[in-house]
Each structure stands twice: as C-alpha cells, then as structure tokens.
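Undergrad: Sharing a structure, written as structure tokens. Questions coming.
The values are calculated or read from the model by the stated rules, or taken from the named source; none is laboratory data. Since this is a predicted model, take the numbers as computed values, not measurements. Cβ placement follows ideal geometry from the backbone for every residue including glycine, while neighbour counts extend to all protein chains displayed.
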Amino acid sequence: MLNLIASEVLSAYDVVRADWNGFNIVQQAASRVGGLDIGFVPQSNGLDTEAMLSGGLAVVVLLGADEIDTSKLKNSFVIYIGHHGDAGAASADVILPSAAYTEKSGIYVNLEGRVQIAERAVFPKGEAKEDWAIMRALSEVIGKTLPYDSQSDLRAKLINDHPTFGRIDVKPSQKSFDVKTLGAKGEVSDRVFASNIKDFYLTNPIARASVAMAECSAARAPKLSVAAE
C-alpha cells in the first residue's frame, strides 16, 4: 500500500525524470544502504529478522544487534560481537568484543549512496578486535576459512565483487526508473505503522552509554509527557 501511494505521488509531481531522480528512502538503521549495495538480504531459504527471532535457531550470531527483542532468543545459543555492554551483550552466551567505529578503518555508505572512507582515530580497548578479524577467526575454527588474511585483502575482494565500493566519495549516478514498479505484490501486514525510533538521543549502544545523551533524553521526557496530555 505504501509503495502504491509513493508511486502515485512520484508520478503526480514528476519527481523522477530522465535528467533527475528526486526520490530516496530514509533508512532506519546505520549501514542499511551499504548492506543493500552488497545484497545483504535473506537469500534463497534464508530468514529475515522476524523469522530468526521465532526461536527455531540453535545458534544466533548478533553483530552489534541491540535493537531487537533479545528475549525471543532465550532458547538459542547467542554469540554477540559488539563494543558496548548493551542489550545484545546482556543476552549472550559468548561475547566477542569488537572495535567501535572510532577504533577501526572502514568503508561507509551514506544515505545518498556515496561511498566514504573513515580512518581509525584510536586503538580498540583491551582484547577487542576489528569485526572482520573476528569473523575470519571464527571461519577458521568452524572449518570454513574465509579467503582473506588482512583488511586490504578483504577490501580488494569487496571491490572486485561490488565495484561501487571502489568509487570513493563519488556521487552515485542518477538513474531514472519507472516509479510504478516500486514494491512487490503480496499481502499487507497487520503490523502497526509507526516509527521504530522512540528516543532520538538513545538510538544506539554508544549513545545509550553516554551520560550527556542520557541527560538530553531525560530533559526531553517531560515535554513529551505534556504533549501527550
């Protein structure tokens, strides 16, 4: 239904033309655009988040996943890879400490689809390691060794498989498309349509560990209460 409405609005106001694409989607999570660029979606016989939380999996690996209902994983063996003691860590059977974004170099994709490089500012604390190194070590332990031994090897493979990641700080090409093709046919979910962001000051583990952000959230709460009344 939302896709139908979007296509009608775009068509009515000529938002998408051969010379200009004025349509974009505000994603609800960091790195969502980059994930979509590499096809990080359920593959054939794969499960989406809701299906994974149904309780049927023996082992679940949470890669910094803290904005989910971890109580649904009580019957699964949970391995948490992350950098703060948030909800995911609290529900984990094994915790593998990783580096925060300030503690590692990486490639990021912004909302526009522009690929950007971020360099490490400080080294990880304690025994924390970069995410790629943790996944590489795990792959070797289970006998499915990944084909790279360094970040440069991994980056080369990424760019080879997905050339867009080699075009650093280059504006994505504006391609026109038929707005009527948005979405796919299927049944409409009965889930309530509402923003998943309840508090803009506490949207991630780093913010939730911040005293300053907690104070901002607390200062905002009375105003929301008055508005609700």
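Undergrad: Please determine whether any residue of segment 19-32 is in a helix (DSSP H, G or I) and either free of Cβ contacts under 8 Å to residues at least 40 places away in the same chain or touching a helix residue (DSSP H, G or I) at 6+ places or on another chain (Cβ under 6 Å) (or both).
TA: Within segment 19-32, the subset in a helix (DSSP H, G or I) is 32.
When the remaining residues are screened for being either free of Cβ contacts under 8 Å to residues at least 40 places away in the same chain or touching a helix residue (DSSP H, G or I) at 6+ places or on another chain (Cβ under 6 Å) (or both), the result is 32.
Within segment 19-32, one or more residues are in a helix (DSSP H, G or I) and either free of Cβ contacts under 8 Å to residues at least 40 places away in the same chain or touching a helix residue (DSSP H, G or I) at 6+ places or on another chain (Cβ under 6 Å) (or both).
Undergrad: So L111 clears everything in (1) surrounded by fewer than 19 Cβ atoms within 10 Å (Cβ to Cβ); (2) over 19 Å from the mean Cα position of the chain (by Cα); (3) within 25 Å of E50 (Cα to Cα) except one condition, right? Which one?
TA: (2)
Undergrad: Scan segment 134-167 for residues that are among the small types (G, A, S), surrounded by 11 or more Cβ atoms within 10 Å (Cβ to Cβ) and under 24 Å from V33 (Cβ atoms) and jot them down. Reasoning before the result, please.
TA: Start the filter on segment 134-167 by keeping residues that are among the small types (G, A, S), which leaves 137, 139, 143, 150, 152, 156, 166.
Okay, now just the ones that are also surrounded by 11 or more Cβ atoms within 10 Å (Cβ to Cβ), so 137, 139, 150, 156, 166.
Scanning segment 134-167 gives A156, G166.
Undergrad: Further, regarding this structure: Condition (residue is polar (S, T, N, Q) and assigned to a loop (DSSP other than H, G, I, E, B)) applied to segment 96-113: is it met by at least one residue? Steps first, please.
TA: Quick first cut of segment 96-113, residues polar (S, T, N, Q) only: 98, 102, 105, 110.
Add one more test, that the residue is assigned to a loop (DSSP other than H, G, I, E, B), and what stays is 105, 110.
Yes, segment 96-113 contains a residue that is polar (S, T, N, Q) and assigned to a loop (DSSP other than H, G, I, E, B).
Undergrad: Among the residues of segment 61-83, write down those that are buried (at least 17 other Cβ atoms within 10 Å of the Cβ), polar (S, T, N, Q) and not in a loop (DSSP other than H, G, I, E, B).
TA: Within segment 61-83, T70 is the sole residue that qualifies.
Undergrad: Let me ask something additional. Wholly within segment 123-229, which helices (runs of 4 or more DSSP H) include no fewer than the required count, namely at least 2 residues that are at pLDDT 95 or above? Before the answer, list the steps.
TA: Values: elements: 131-141, 151-161, 205-208, 211-228.
Passing ranges, in order: 131-141, 151-161, 211-228.
Undergrad: Is one or more of the residues making up segment 132-144 touching a strand residue (DSSP E or B) at 6+ places or on another chain (Cβ under 7 Å) and closer than 19 Å to P205 by Cα?
TA: Quick first cut of segment 132-144, residues touching a strand residue (DSSP E or B) at 6+ places or on another chain (Cβ under 7 Å) only: 134.
Then drop every residue that is not closer than 19 Å to P205 by Cα, which leaves none.
Taking every residue of segment 132-144 in turn, none turns out to be touching a strand residue (DSSP E or B) at 6+ places or on another chain (Cβ under 7 Å) and closer than 19 Å to P205 by Cα.
Undergrad: Within segment 43-56, take every residue that is assigned to a loop (DSSP other than H, G, I, E, B), surrounded by 10 or more Cβ atoms within 10 Å (Cβ to Cβ) and out of contact with any helix residue (DSSP H, G or I) (no Cβ under 8 Å at 6 or more places or on another chain) and give me the one that is modelled with the highest pLDDT.
TA: Top of the filtered list is L47.
Undergrad: Can you name the condition, by its number, that I38 falls short on among (1) buried (at least 16 other Cβ atoms within 10 Å of the Cβ); (2) within 25 Å of Y108 (Cα to Cα)?
TA: (1)
Undergrad: Next question. Report the residue count in segment 33-49 for those that are in contact (Cβ under 8 Å) with a residue 12 or more places away in the chain and either charged (D, E, K, R) or not assigned by TED's automatic domain parsing to the domain that holds V9 (or both).
TA: Total satisfying the criteria: 1.
Undergrad: Step by step: first the residues of segment 50-90, then only those that are free of Cβ contacts under 8 Å to residues at least 24 places away in the same chain and acidic (D, E), then the one that is nearest to K104 (Cα to Cα). Which residue is that?
TA: Selected residue: D69.
Undergrad: Right, here's the next one. Give all pairs with beta carbons closer than 9 Å in which a residue from segment 111-131 that is under 9 Å from A100 (Cα atoms) meets a residue that is part of a loop (DSSP other than H, G, I, E, B) and among the acidic types (D, E); count only pairs at least 6 apart in sequence or on separate chains.
TA: Cβ pairs passing all conditions: P124/E130.
Undergrad: Taking segment 85-97 as the search range and keeping residues that are surrounded by fewer than 18 Cβ atoms within 10 Å (Cβ to Cβ) and not charged (D, E, K, R), which one is modelled with the lowest pLDDT?
TA: G85
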